[in-house]
Amino acid sequence: MDNLNNLYEKNQFNIKNKVDNLLEVKDLKKYFKTREKFNLKRYFKYGKKSLLDSKAVDGVSFNIKEGQILGLVGESGCGKSTTGKSILRLIEPTFGSVRFNGKTLFDVENKIYMDKNELTYLRKDIQFIFQNPYASLNPRMKIERIVSEGIKKHNIVSKFEIKDKCQEILSLCGLSKADLSKFPNEFSGGQRQRIVIARALAVNPKFVVCDEPTAALDVSIQSQILNLMLDLKDKFQLTYLFISHNLEVVRYVCDSICVMYLGKIVEKSKTQNLYSNPLHPYSRALISCIPKNHPSDKEEKIILKGSVPSSSNIPCGCRFNTRCPYKDKYCEIVEPELKEILPGHFVACHKA
Ligand SMILES: Nc1ncnc2c1ncn2[C@@H]1O[C@H](COP(=O)(O)OP(=O)(O)O)[C@@H](O)[C@H]1O
Ligand code: SF4
Ligand SMILES: [Mg+2]
C-alpha cells in the first residue's frame, strides 16, 4: 500500500508538470502466432514451426493531446482492438513504445517495461470500455460491488464514502440509487453500458480507451450513450481513444482520426479535413458509403472489390493494392510511407 501511496504522490508531481501529449504511441506492433491454413508442404519442412505470424498491428504511431478524442477507424479485423489492448499491455506488444503522461509504459527495443506496481497504479488512470456490455459485467455481482471494486482498490475515497461515490457516479451516468442493489441481468443493453461507463469513471481516470462502445446497442440508444460520453468527457476533463468501424459515429465524436487498414495507419488528420478531403483511396471508399443526409446529395458510392487479405499473408508493396482501383506495378513493389501531404494531414499512398 505504501508503494501505491508513493505513486500517488509522484503522480501529483506529474500533474503539475503537464506534458504536451498525454499518450504517445510509437511504431507499435503486435504479431500473433497462427496456423491459419494447414499447409502440408510447410508442415513437412518446418514441423511445429510452420506457425505463421499474424501481423494484427504492424507499426502504428500516434499521439493524443490532453482533452482530445482520437478516433481509430477501419473495417473489422484491421487491428483496432489489438492496438487498444497493446497500449495498456492487456496483451504483450511485440515491438514499439508507449508513453503516458510523460512516463514510459514500455519500450520493447530498449527493454524498458514499467514495473508491476506502477502499472497497477497506472491502470487507474487508463480505463477501458469494451464493446459488449453483456459480456463485460459479472452476472453474479450486484452493481454496487461492480462499481465500487476499483474505488476500493485504488483508495479513491474513504470506506465510509464509497456508497456515496457509487451513487454519485451512477446518477451522473443516468441511473438511480435503487440500481445499486440490482444484478446486471435486470438492465437493458444501454443501461448496462452506462454501468460499464460508471465503473470506468469511478476511479477518476485521465484517459479512456473506448472500444466500439455503442456497436452492440440499438441506434436510438447509441446517440444517448455517445452524448453521455461527451458530457462526461467535459465534466471530468477526459481524453479518449475512440475505436469504431462506424465512420458516422467517429465523425460525430472525434477531434482527429486515424484510418487503419491491415494493421497500419493509412491516413491521419483532423476530423473535418478527413471528411471534406479524404486523400487515401481506402478512406475515400469508406466515406463514400456513409448514408447521405439529403436525397439531393448524390455522391457516388465507391464499392471496394474483394475482401481484406489475411493479416498472416499481407500483400507486398502497398497493402491496399489488392483492392485499390488506382494501383500500378510500383504499388505492388514499394510500400508507401505515411507522409504529411497537407498541414497535419498524413497519407500513405504513392498517388496522394
Ligand atoms: N488472440 C489472438 N490470436 C490470434 N489472432 C488474433 C488474436 N486477437 C486478434 N487476432 C487477429 O488480429 C487481427 C486484428 O484483430 P482485432 O484487433 O480484433 O481487429 P478489429 O478490432 O479491428 O476488428 C485479426 O486478424 C484477428 O484475427
Ligand atoms: S499506393 Fe497505390 S495501391 Fe496503395 S493506395 Fe495508393 S494508389 Fe492504391
Ligand atoms: Mg475490435
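A few notes on this one:
- Relative packing of 78-85, 169-176, which averages over residues the other C-beta atoms within 10 Å, highest first: 78-85, 169-176
- Computed magnitude of the charge dipole of the range 202-294 (debye, nearest 20; Cβ of K, R +1, Cβ of D, E -1): 300
- Accessible area of M141 (1.4 Å probe, protein heavy atoms only, ligands and nucleic acids ignored): about 20 Å².
- Only Cα pairs under 8 Å and 6+ residues apart enter the sum, and on that basis the relative contact order of the range 67-173 stands at 11 percent.
- Dipole of the range 2-347, positive direction: furthest Cα of G344, I91, P205, with charges on the beta-carbon: I91
- The Rg/Rh ratio of the range 2-347, with Rg taken over Cα atoms and Rh as the Kirkwood radius over Cα pairs, comes to 0.99.
- Between the listed residues S288, H245, I303, the Cα displaced farthest toward the positive end of the dipole of the range 221-311, a dipole computed from Cβ unit charges relative to the Cα centre, is found at I303.
- Cα-based helix-to-principal-axis angle, 2-16 vs the chain, degrees rounded to 10: 70
- Along the axis of the charge dipole computed for the range 2-347 (Cβ charges of +1 for Lys and Arg, -1 for Asp and Glu, origin at the Cα centre), the listed residues L52, L170, I69 are led at the positive end by L52.
- Of the accessible area of the chain, computed with a 1.4 Å probe over protein heavy atoms only, carbon and sulfur atoms account for 49 percent.
- Averaged per residue, the chain has 52 square angstrom of accessible surface, using a 1.4 angstrom probe with ligands and nucleic acids left out.
- Just checking the listed ones, A178, A216, A285: in the Gaussian network model of the chain with Cα springs under 10 Å, the one fluctuating most is A178.
- Counting DSSP beta bridges with both ends in the chain, the antiparallel % (nearest 5): 65
- Exposed loop sites, defined as GluC sites (Glu not before Pro) outside DSSP H, G, I, E and B with at most 16 other Cβ atoms within 10 Å, are absent from the longest region of the chain, namely 162-298.
- Take every Cα pair under 8 Å whose residues are at least 6 apart in sequence, average their separation, divide by the length of the range 2-347, and the relative contact order is 19 percent.
- Lys, Arg +1 and Asp, Glu -1 on Cβ, resulting dipole of the chain about Cα centre, debye, nearest 20: 1120
The values are calculated or read from the model by the stated rules, or taken from the named source; none is laboratory data. All values reported here derive from a predicted model rather than from experimental measurement. Because the Cβ atoms are built from the backbone with ideal geometry, glycine has one as well, and the counts that use them run over all protein chains shown. Remember, those area values only see protein heavy atoms, side chains included, never the ligands or the DNA or RNA. Shrake-Rupley method; radii C 1.70, N 1.55, O 1.52, S 1.80 Å.
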